[in-house]
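The values are calculated or read from the model by the stated rules, or taken from the named source; none is laboratory data. Given the structure is predicted, the values throughout are model-derived calculations rather than measurements. As a convention, Cβ positions derive from the backbone with ideal geometry for all residues, glycine included, and neighbour counts pool all protein chains shown.
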Amino acid sequence: MAGSDDATIQDLGHESRKFPPSAEFVATTLVADSSLHDEGRRDYEGFWARHAGELLSWSKPWHTICEWKLPFVKWFIGGELNVSYNCLDRHVLAGHGHKVAFYWEGEPGDTRVVTYQELLDETQKFANALRSLGVQKGDRINIYLPMIPEAAVAMLACARIGAAHSVVFGGFSAQALADRINDASAKVLITADGGWRRGEIFPLKPQADAAVEYTPTIEHVVVVRRGGNEVAMQAGRDHWYHELLAQAAPTCPAEPMDAEQLLFLLYTSGTTGKPKGIMHTTGGYLTHVATTFKYAFDHQPDRDVFWCTADVGWVTGHSYIVYGPLANGATQVMYEGVPNYPANDRVWSLIDKYKVTIFYTAPTAIRTYMKWGAQEPAKHDLSSLRLLGSVGEPINPEAWIWYQETIGHGRCPIIDTWWQTETGGMMISPLPGVTITKPGSATHPLPGIAAEVVDEAGNTITRGGGYLTLTQPWPGMLRGIWGDPERYRETYWSRFPGRYFAGDGAKLDEDGYLWLLGRVDDVMNVSGHRISTTEVESALVSHPSVAEAAVVGANDATTGQAIIAYVTLRGGLSVDEKVLRDHVAKEIGAIAKPKTIYFTPDLPKTRSGKIMRRLLRDVAEGRNLGDTTTLADASVVTELQRRATDSPSED
């Protein structure tokens, strides 16, 4: 269904299916009415303050909830607390030290069970170890580790003593690591010999060594022994993690921190330009992630086992593996490896093994599971699941339905969550016991959050497509870009005065539901129509033969841009290109028909699962490719280039 003629971005797709929460789910949910949303609308500052007081322990109360000097904000001014204490000590002091914090499984199948007491003990020792290396409050520490419990320990140890951490995803290159170390002037680098991925050890220490050659501020390198691969250790600079722990004192009291103390830097991993060091502080951020974890996931500590499949190198891992869950005393699964080792059913086997109740993963992963086939999850008992979540990009309706039927067996509410590195925590999501969901829609802002869709001129839109903006401060919001306040102002606050512009397109349907349309950079201009890649991709994936699709706009002399699609089919199926083009025309209109469709066994994705549309545009327009070091499999691009050369365009 098309939107109004003056819509900023065409509103092409329409979804009428609705899924209310089941009576069984509502009977045990934490929130089954509109009370939280009503409270957030009446007084958003009071809403967040109530949860800061109820969900966290403060060593000193705040005197001012929020100070908003656009675009800069402070929350809980005068208050003091410690993030590590809130995630560990208070649970142990309350008698829950025996509770499992992490069921950890390595890719080869080795396992560890880490209780809250054990996590606290190791965190205290490592905090003392960092102090023995000269780390002080306010220093920056880089973390470059696989998905192992020591990653959480390192983050919590930094928080305990007031050193800001900067976690760099273990798949990033030495150059990317060096850039982030240098921008933050980090003092210590924490890494590992290596980790396991696809049945082999990927070495991290050699990458770290290559980076440190160009990082003059690094004084010490701490190395966790995980892979067992041989590494070079430089005397005086390099230290084995286990040896430091053996020498460290067992007790390290959590130091009270100002609510606005810098907790971490996390660098956006954009493919062009200098990475931005996003700043998150202590009190507001922890309030935001603790509150959203509790209510969006309907988390109940006495019944739930939570598994977020992200890496701690991304903001999802910070907010919904380390800080949000541990602040709520959650029991989690942490898995080191890839989802298809040694076979395509590894994820489902882990859900069965650990009786996971809440599962949070990315749409890219869901579409990959679709491609592998329903027979894989069918090998395992998934009846423990009671809630499913989606994060990272808009989820197309057919993937949502597959997730709901094949994984959730029609029983589990799905929360499709929108948020960013910059927002700190979830912003738009269903509340699972309250919201009637629509496949593919993130539905509504969470309680205490205010979002509006606007047109080119910044006027509010109540129906149709436009730009997603946030209209009031929230506690988890970024406090700026490290060392560059002007870039912060220009990047996020200049496009629409008085509003935070997320950089994403969105639309509102006739029921007021929000639908994310992806980055506005990915909107295509075809014969004067601004068309979202997300809607065309959703139309393609709605065909029963298609597992995954990526769409880009390529320069075209006739239409300005032409729609180029890259399609991965479900295992063993085939379909004609014309059939797919006609299917898109039927689903959302002839204007959205791809000019060319390339069939490919896979798509170029980062190791976090995001599709690299920049590279797809380069392929479509025959340009030399830029940096491909962040790809999970760089050979995919080479194959796409070959197919693009071999395939004629459709008339």
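Would segment 95-109 turn up any residue that is outside any loop (DSSP other than H, G, I, E, B), surrounded by 15 or more Cβ atoms within 10 Å (Cβ to Cβ) and either more than 26 Å from the chain's Cα centre (by Cα) or not assigned by TED's automatic domain parsing to the domain that holds Phe202 (or both)?
The answer is yes; a qualifying residue exists.
Within segment 65-76, which residues are more than 20 Å from Leu263 (Cα to Cα) and free of Cβ contacts under 8 Å to residues at least 24 places away in the same chain?
Lys69
Quick one: Gln561 ticks every box in (1) part of a strand (DSSP E or B); (2) under 30 Å from the mean Cα position of the chain (by Cα); (3) closer than 28 Å to Leu468 by Cα; (4) of a type in the set (S, T, N, Q) except a single one, so which number is it?
Result: Gln561 passes all but (2).
Okay, residues lined up against (1) hydroxyl-bearing (Ser, Thr, Tyr); (2) within 23 Å of Val391 (Cβ to Cβ); (3) assigned by TED's automatic domain parsing to the domain that holds Leu388:
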position: Gly433; (1), (2), (3): no, yes, yes
position: Leu446; (1), (2), (3): no, yes, yes
position: Ala451; (1), (2), (3): no, yes, yes
position: Val454; (1), (2), (3): no, no, yes
position: Thr469; (1), (2), (3): yes, yes, yes
position: Leu478; (1), (2), (3): no, yes, yes
position: Glu486; (1), (2), (3): no, no, yes
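What number of residues within segment 249-278 are crowded, with 20+ Cβ neighbours inside 10 Å and farther than 15 Å from Gly480 by Cα?
Of the residues in segment 249-278, 5 are crowded, with 20+ Cβ neighbours inside 10 Å and farther than 15 Å from Gly480 by Cα.
Can you tell me which condition Tyr144 does not meet? The list is (1) surrounded by fewer than 19 Cβ atoms within 10 Å (Cβ to Cβ); (2) over 27 Å from Val305 (Cβ atoms); (3) hydroxyl-bearing (Ser, Thr, Tyr); (4) in contact with a strand residue (DSSP E or B) (Cβ under 6 Å, 6 or more places away or on another chain), and all the others hold.
(1)
Please indicate, with yes or no, whether at least one residue in segment 403-420 is of a type in the set (Asp, Glu), in contact with a Leu (Cβ under 9 Å, 6 or more places away or on another chain), modelled with pLDDT of 95 or more and in the same structural domain as Gly324 (by TED's automatic domain parsing).
Yes, there is a match, as at least one residue in segment 403-420 is of a type in the set (Asp, Glu), in contact with a Leu (Cβ under 9 Å, 6 or more places away or on another chain), modelled with pLDDT of 95 or more and in the same structural domain as Gly324 (by TED's automatic domain parsing).
In segment 405-431, which residues are over 21 Å from the mean Cα position of the chain (by Cα) and of a type in the set (Gly, Ala, Ser)?
Gly408, Gly410
Please indicate, with yes or no, whether at least one residue in segment 476-487 is surrounded by fewer than 18 Cβ atoms within 10 Å (Cβ to Cβ) and farther than 29 Å from Thr281 by Cβ.
no
Of the numbered conditions (1) within 28 Å of the chain's Cα centre (by Cα); (2) farther than 20 Å from Gly440 by Cβ; (3) at pLDDT 85 or above, Met612 satisfies every one except a single condition; which is it?
Failed condition: (3).
Which members of segment 54-72 meet the condition of being hydrophobic (A, V, I, L, M, F, W, C) and touching an Asp or Glu at 6+ places or on another chain (Cβ under 7 Å)?
Passing the criteria: Trp58, Ile65, Cys66.
Identify all residues within segment 517-544 that are crowded, with 21+ Cβ neighbours inside 10 Å, small (Gly, Ala, Ser) and out of contact with any helix residue (DSSP H, G or I) (no Cβ under 7 Å at 6 or more places or on another chain); write none if there are none.
Ser532
If a residue must be of a type in the set (Ser, Thr, Tyr) and within 13 Å of Glu422 (Cα to Cα), how many such residues does segment 271-308 contain?
2
Of (1) in a loop (DSSP other than H, G, I, E, B); (2) free of Cβ contacts under 8 Å to residues at least 40 places away in the same chain; (3) acidic (Asp, Glu), Glu243 satisfies all except one. Which?
So the condition that Glu243 fails would be (1).
Please enumerate the residues belonging to segment 306-347 that are over 18 Å from Gln117 (Cα atoms) and β-branched (Val, Ile, Thr).
Correct list: Thr309, Val312, Val315, Thr316, Val338, Val347.
Return the residue satisfying two criteria in turn: it lies in segment 366-402 and is surrounded by fewer than 23 Cβ atoms within 10 Å (Cβ to Cβ) and of a type in the set (Phe, Trp, Tyr), and of such residues it is farthest from Lys605 (Cα to Cα).
Selected residue: Trp402.
Filter segment 64-94 for residues that are within 20 Å of His318 (Cα to Cα), assigned to a strand (DSSP E or B) and more than 24 Å from the chain's Cα centre (by Cα) and give the result.
Leu81
Only one residue in Phe169, Phe202 is surrounded by fewer than 18 Cβ atoms within 10 Å (Cβ to Cβ) and under 22 Å from Val153 (Cα atoms). Which one?
On inspection, the qualifying residue turns out to be Phe202.
Residue by residue, here is whether (1) free of Cβ contacts under 8 Å to residues at least 24 places away in the same chain; (2) acidic (Asp, Glu); (3) surrounded by 17 or more Cβ atoms within 10 Å (Cβ to Cβ); (4) assigned to a loop (DSSP other than H, G, I, E, B) holds:
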{"site": "Ala27", "(1), (2), (3), (4)": "yes, no, no, no"}
{"site": "Leu30", "(1), (2), (3), (4)": "no, no, no, yes"}
{"site": "Asp33", "(1), (2), (3), (4)": "no, yes, no, yes"}
{"site": "His37", "(1), (2), (3), (4)": "no, no, yes, no"}
{"site": "Gly40", "(1), (2), (3), (4)": "no, no, yes, no"}
{"site": "Trp48", "(1), (2), (3), (4)": "no, no, yes, no"}
{"site": "Ala52", "(1), (2), (3), (4)": "no, no, yes, no"}
{"site": "Ser57", "(1), (2), (3), (4)": "no, no, no, yes"}
{"site": "Trp62", "(1), (2), (3), (4)": "no, no, yes, yes"}
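Which of the residues that make up segment 573-609 are modelled with pLDDT of 80 or more and among the aliphatic types (A, V, I, L, M)?
Leu573, Val575, Val579, Leu580, Val584, Ala585, Ala590, Ile591, Ala592, Ile597, Leu603
Which of the following residues is in the same structural domain as Gly476 (by TED's automatic domain parsing) and part of a helix (DSSP H, G or I): Pro342, Pro325, Pro394?
Matching residue, one of Pro342, Pro325, Pro394: Pro325.
Being of a type outside the set (Ser, Thr, Tyr) and touching a Leu at 6+ places or on another chain (Cβ under 7 Å) narrows it down to one residue among Ala399, Ala506; which is it?
The match here is Ala506.
What is the one condition in (1) of a type in the set (S, T, N, Q); (2) modelled with pLDDT under 95; (3) surrounded by 13 or more Cβ atoms within 10 Å (Cβ to Cβ) that Ser16 does not satisfy?
(3)
So, in segment 166-225, of the ones that are farther than 24 Å from His242 by Cβ and of a type in the set (Asp, Glu), which residue ends up farthest from the chain's Cα centre (by Cα)?
Out of the qualifying residues, it is Glu213.
Please enumerate the residues belonging to segment 121-132 that are among the polar types (S, T, N, Q) and either outside any helix (DSSP H, G or I) or out of contact with any Cys (no Cβ under 9 Å at 6 or more places or on another chain) (or both).
Ser132
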